[in-house]
1. Let me know the shape class of segment 587-643, please: from the alpha-carbon gyration tensor, a ≥ b ≥ c as square roots of the eigenvalues, rounded when a/c is under 1.5, otherwise prolate if a/b is greater than b/c, or oblate.
2. Round to the nearest 10 and give me the degree value, 0 to 90, for the angle of helix 267-278's Cα axis relative to the longest principal axis of the chain.
3. Can you compute the modelled spin-label distance between residue 46 and residue 402, with each label point 7 Å from Cα toward Cβ, in nm?
4. For residue 601 and residue 63 in the same chain, what is the full-extension length gain: residue separation times 0.36 nm, less their Cα-Cα distance, in nm?
5. Sum -39500 (n - 2.57) across every DSSP H segment of at least 4 residues in the chain, then divide by the residue count to get the 222 nm mean residue ellipticity, nearest 500.
6. Would you calculate the separation in nanometres between label points at residue 26 and residue 374, each defined as 7 Å from the Cα along the Cα-to-beta-carbon direction?
7. How far is helix 196-207 tilted off the main Cα axis of the chain, in degrees rounded to 10, range 0 to 90?
8. Which percent, nearest 5, of DSSP beta bridges in the chain are antiparallel?
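Derivation of every value follows stated rules applied to the coordinates shown; laboratory data play no part. Just so it is clear, the model here is predicted, and its values are computed rather than measured. All Cβ positions, even for glycine, are placed from backbone atoms using ideal geometry, and neighbour counts span all protein chains on display.
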């Protein structure tokens, strides 16, 4: 094993992986070197590399207390591991636990009385690892400090449960919900795209039909000053919200602000709103222009009528800012800086394009910017306050209408490297590298998602705080949370700087500890967790998820035997969320008619012509096998079969597919609105940016019109028969 491979092994990089075809793929050595350099290791010589490897090996022995200790809340004893020089074993150690509540516990312990776990010679000195027994403490995030012969050491002490809050605890029946791309919703009140007001309306109207959950695309913040950056899976931060979703008409001072009313009621503005609403595809810059010009007027009115007068509304705003703390202030500062530097250089898309002195969030120049632009930073805080209030109103409407899950949110894999979260916490991220996925049948060249990976070592050292913040933010108003690409919590596929996506390498993450963090936040927020476990998933991962209480993510198109036959509903696990399709796949109608294959052909997504021919021929068999499964289950009869040559969709097939899945024991069934309305076009085609209208397609009808649609009415009838509420 070379010095480079030794270091890589200790850091956690995998020497190889098995691809989706069963072939062994060995780590590209150039990629390995580039990734280790991006993580900050000195690779200038074999001596330097071996020194780095040895330092990592010795670190746990030379540190009295680990930076983070995880305690299983169900354990009979709460213990942590100490590392002490053998010559100090005759000493007494003092410890102090500062609980999350602020309460302090103290104690002392003779080291000679502790159980020895292991010992190791480190550079000529013998060290021992000992087990320190602590009193039982409640679940939560605490701090532990120990003192030995004048040496002090502190670390995070996390006490966490094994399993997440379960859907059985939320409701004692099998639930169903609708999945919506929030931007795609359309109503008489729209300003070019769906908003939180539309979400509240969808919640209230869906609840009347027995719906128990509304699934949503990620609502993370993007870039207010760059509305052309639209992928919800490429956020500036995984905390807080995309303020383009604000329903401007629902901001409290909208009606009383004369300046805003003058703009909104003008003929020009009304014509622009009508124009924006008339488009088949969302024009995000136009929608942003409409919304933000009015929101700026409302903020100025808020300053004059509330902040300057210290009203109760002003106190509510200040309470929100205080509760969200430094994280909100950093995001708002970033947004103000982003806006400032784009005025100077339109192409300054992110902090890496700023003057170097502004690339450090704590530099004197940034501190001065905060003072000079306090009002503008306040504007971005104001936007987050309104967004939070509006999604909170939608969540409250779900509870008031007896929806046991309510909002079902989506957590993206990571953050855009040019964004606020990486800027504010560079130590935790591996700048230049990207998270992605290896080649598979859908993406034969692999995928580079352009998301900056988090450093697993830094994550542990911080007591998982970046993950905790993201979970809390997204569970704040949610009854369920989908974690995109949950496998990345066990191993992540990293693409090295400047290298191709198919040359990526896997790196190990501390899955057991991460799952306990998720379980802790899940139980605190009474939020069900679904792990999106599609793709190249190692054997046994599903069982690990189940043991942690996460629901598996089951998609009809993929749940098949090797022969191609579809699994029958009873074979789906109870601990799962089931759906026909996802945002990255075709709708049911698009799949049946081959619309997805047409797109792949037109966009040259096949590596060779034969693969396209094979897939089109295979789809003929796929259709036959689906009809056989539906007929066998008694949800579709032969006289209701849709056309096969050419393949044409009908209402009976739409209804039958959902009835088929509704019979599964899966605790939650989610129906994308695109399928509930029989639409042919899919939301997103991975591997494309502008070639396909990703994240831009609007619903063809308004929310109010949903309930007159034949496919939606069929769906509601099926679900209330198969999965009645309560």
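1. prolate
2. The two axes meet at around 90 degrees.
3. Going by the 7 Å Cα→Cβ label model, 7.4 nm.
4. The span from residue 601 to residue 63 would gain 187.9 nm if fully extended.
5. -11500 deg cm²/dmol
6. The answer from the label model is 6.3 nm.
7. 70 degrees
8. Roughly 65 percent of the DSSP beta bridges within the chain come out antiparallel.
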